[in-house]
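Heads up: the structure comes next, in structure tokens.
The values are calculated or read from the model by the stated rules, or taken from the named source; none is laboratory data. Remember, predicted model here, so these are calculated numbers, not experimental data. Neighbour counts are summed over all protein chains in view; Cβ atoms, including those assigned to glycine, are modelled from backbone coordinates with ideal geometry.
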Amino acid sequence: MCFVKKVLCFLYQNSIWFQGVSLFAVRCYIAKVFFQSGLTKLSNWSTTLALFEDEYQVPILSAEWAAYLATSAELIFPILLVLGFLTPLAAFGLLIMTLVIEIFIYPGATEHYYWLLLTGVLLTHGAGKFSMDSVLQRYFNYKCTLATTANTADSHKGALLSGVTKKKYT
């Protein structure tokens with residue numbers, strides 16, 4: 001029983017690291033799927049345009065615009081995902097793209113449900129600990145904390161000099 005308790009405590013205390021690794025794996029998997037598709041489209045542009053004219057037929061957009069947008073999204077968003085930079089934006093873009101594919105192009109394809117689930121996880125949970133988003137968040141939170149602390153200290157000095165005391169909440 002003691003061993004189980006130690007294992008559970010270890011897992012609980014290190015869950016942020018496990019979550020970071022899991023989210024990194026999800027980001028890499030989704031990025032691989034879409035980036036390979038983008039490279040395939042880019043490798044033979046005339047075939048890509050023909051596919052968008054004949055088979056893909058996205059509503060509202062012309063075939064050429066749809067091809068440009070889809071290829072750009074499949075090449076840019078995966079790079080953002082691997083870096084973990086602007087992850088919610090990239091995940092949202094790929095989620096919308098997957099919805100369009102599922103609804104209008106290949107309805108009922110099982111792998112689309114996995115892609116929707118995984119992009120939804122990234123959209124709701126973020127990139128995790130091993131990402132540029134996390135680094136930037138820590139940097140800017142640190143800077144904001146320092147600025148707030150400095151401003152609070154300055155305002156207390158001014159209050160003390162004027163004879164008015166402010167109540168400090170902790």
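Here are the numbers:
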read-out: Any chance K32 is modelled with pLDDT of 90 or more and among the charged types (D, E, K, R); value: yes
read-out: Condition check for L39: in a helix (DSSP H, G or I), farther than 22 Å from G128 by Cα and either without any contact (Cβ under 8 Å) to a residue 40 or more places away in the chain or touching a helix residue (DSSP H, G or I) at 6+ places or on another chain (Cβ under 6 Å) (or both); value: yes
read-out: Subset tally (residues that are part of a helix (DSSP H, G or I) and within 28 Å of the chain's Cα centre (by Cα)) for the range 42-62; value: 5
read-out: Any hit, the range 23-31, residues being among the basic types (K, R) and touching a helix residue (DSSP H, G or I) at 6+ places or on another chain (Cβ under 6 Å); value: yes
read-out: Filtered residues of the range 89-123 (kept if closer than 20 Å to R138 by Cβ and surrounded by fewer than 16 Cβ atoms within 10 Å (Cβ to Cβ)); value: L89
read-out: Hey, G84 in contact with a helix residue (DSSP H, G or I) (Cβ under 6 Å, 6 or more places away or on another chain), crowded, with 16+ Cβ neighbours inside 10 Å and in contact (Cβ under 8 Å) with a residue 60 or more places away in the chain or not; value: yes
